[in-house]
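Some notes on the structure that comes next.
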Amino acid sequence: MSFNYDELNAPEWIGVDFLREVLKYNEKSRNISIHNYKITPATALGDHFASVMFRVNINYSVDEDISNKNISIIIKTVPTAEGYKKGMLDSVNVFDIEIFMYTKVLNKCTEILGKCGYTELLAPGIIYTSLRPNKVLVFEDLKEKGYFMLPRNIPNEYEIRLIFSKLAQLHAVTFKMESDGRDDLRLKGTLFGFSFSMDMPLFLTAPTFLAELVETIPGFDQYALKMRKINSEWLMGKCVETLRRPAAINVLNHGDFHVRNMMFKRNGFGPISELALVDFQIPHWGSPAFDLLYMSAAIPFKLREMALRHYFNIFIDVLVKTGFKGVMPTYEQLQNEIDTFKYLDLFVLASMVVFLYVERDEMSDEMDKLLTDSAARRRLYNNEKYIAHVKEILPKLLDKIDVEEIK
């Protein structure tokens, strides 16, 4: 397995003193003796962007207990290695937001869902957080509970049902919390919330690279012509405009909802039966269409209707079981929201989905390089599986978009 270069060496402050502080907080004891520990990268190449993560296995003892204990934890912090990623993240407060999500929101969501019979894990447990002197979150290691990263980036039909069910639970419970008077959920995140997003080479070149691909597909002349008219400034502007409009249904979106921000678990030796969500750095209060299309843009179009119906059924079931007394959202409202977010659908297909169609064992370029090197990114658009997906989905998206208004 290849690792991100900025996770090969942990920051110097992750040592005995820091680990003892974490364990004191977790064990509720001041007398912690650490006997040894081992630090390794916690994620594979390309699995995430806005942080670095380390797995730490610790052997320790508490008070006068003669028996040693072992624990595995996940430490998430900001990059320290100089590079494009560090330069961008120095100016944003995603760690503040994620600490808020884990300590003030997700714990309450879990409590409410549990009372409704949805007892499976929503997100990993938080062990320790701090913003000074270092921005850091420490989680339980879900690998110790049998969770794993999906070995492929495009889920199958069964996994899609699990994914959209979990999303419905998160959305419905935050919908209910806000309706009950919770007034601190109206966060405005998503990748469009970053001041640097409009200037990221990844986004600036995406429509052009997709247009170049479409021009090579036989019978796609009309779609190639449309794509050539679409530029990044117009497309991203439409996405932002859509995000800012009032929505018929409002929930707290995950904000970066794709398969690499999930961990899965099998039922013994059987099929995958559970999943937990991770990485809550850019949540967004607004239409559920954002998360839904962010994920849907990567799956076969023929499975969309099934996924959306399943999502909506679970959404309503959670609301009913929480005792929600207001006006229930309708599927027609949800469909209207989906249609309104058509620009996001195209944007995600052009810029983000291409990365998901690169198998993990084929990922050879560092994320810094892919973000800054246009030639490296352009090569990704030659992926045969991505091309097949574009051929299936792009005509349906472009048929809904009027490019004549583009100046």
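The values are calculated or read from the model by the stated rules, or taken from the named source; none is laboratory data. These figures come from a predicted structure and were not determined experimentally. Backbone-built Cβ (ideal geometry, glycine too); neighbour counts: all protein chains shown.
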F95, sole failed condition from (1) at pLDDT 95 or above; (2) assigned to a helix (DSSP H, G or I); (3) within 30 Å of Y357 (Cα to Cα): (1)
The range 291-304, subset part of a loop (DSSP other than H, G, I, E, B) and under 16 Å from the mean Cα position of the chain (by Cα), residue nearest to N156 (Cα to Cα): I299
Helices (runs of 4 or more DSSP H) contained entirely in the range 305-407, each with at least 2 residues that are over 22 Å from E241 (Cβ atoms) and either assigned by TED's automatic domain parsing to the domain that holds H258 or of a type in the set (A, V, I, L, M, F, W, C) (or both): 331-340, 353-356, 367-372, 374-380, 384-398
Complete set of residues in the range 274-290 that are within 14 Å of the chain's Cα centre (by Cα), within 22 Å of Y147 (Cβ to Cβ) and in a strand (DSSP E or B): L275, A276, L277
Some residue of the range 176-192 being modelled with pLDDT of 95 or more, in the same structural domain as V320 (by TED's automatic domain parsing), of a type in the set (V, I, T) and within 28 Å of L380 (Cβ to Cβ): no
Meets criteria (free of Cβ contacts under 8 Å to residues at least 60 places away in the same chain and out of contact with any Cys (no Cβ under 6 Å at 6 or more places or on another chain)) for Q222: yes
Residue under evaluation I163, criteria (1) in a loop (DSSP other than H, G, I, E, B); (2) among the β-branched types (V, I, T); (3) closer than 28 Å to P41 by Cβ, criterion not met: (1)
Every pair of residues 6+ apart whose Cβ atoms lie under 7 Å, when the first sits in the range 285-296 and is in the same structural domain as T340 (by TED's automatic domain parsing) and under 15 Å from L397 (Cα atoms) while the second is modelled with pLDDT of 95 or more and among the small types (G, A, S): S296/A307
Filter pass, A168 being in contact (Cβ under 8 Å) with a residue 24 or more places away in the chain, out of contact with any Cys (no Cβ under 7 Å at 6 or more places or on another chain), of a type in the set (G, A, S) and assigned to a loop (DSSP other than H, G, I, E, B): no
Qualifying residue in the range 150-161 (condition: in the same structural domain as F301 (by TED's automatic domain parsing), surrounded by fewer than 20 Cβ atoms within 10 Å (Cβ to Cβ) and among the β-branched types (V, I, T)): yes
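Matching residues to (1) farther than 29 Å from V259 by Cβ; (2) assigned to a loop (DSSP other than H, G, I, E, B); (3) at pLDDT below 95:
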{"site": "Y37", "(1), (2), (3)": "yes, no, no"}
{"site": "T43", "(1), (2), (3)": "no, yes, yes"}
{"site": "I75", "(1), (2), (3)": "no, no, no"}
{"site": "K86", "(1), (2), (3)": "no, no, yes"}
{"site": "F100", "(1), (2), (3)": "no, no, no"}
{"site": "T110", "(1), (2), (3)": "no, no, no"}
{"site": "L113", "(1), (2), (3)": "no, no, no"}
{"site": "G117", "(1), (2), (3)": "no, yes, no"}
{"site": "A123", "(1), (2), (3)": "no, yes, no"}
Scope the range 162-179; condition surrounded by fewer than 19 Cβ atoms within 10 Å (Cβ to Cβ) and either of a type in the set (K, R) or closer than 20 Å to Y102 by Cα (or both); matching residues: E178
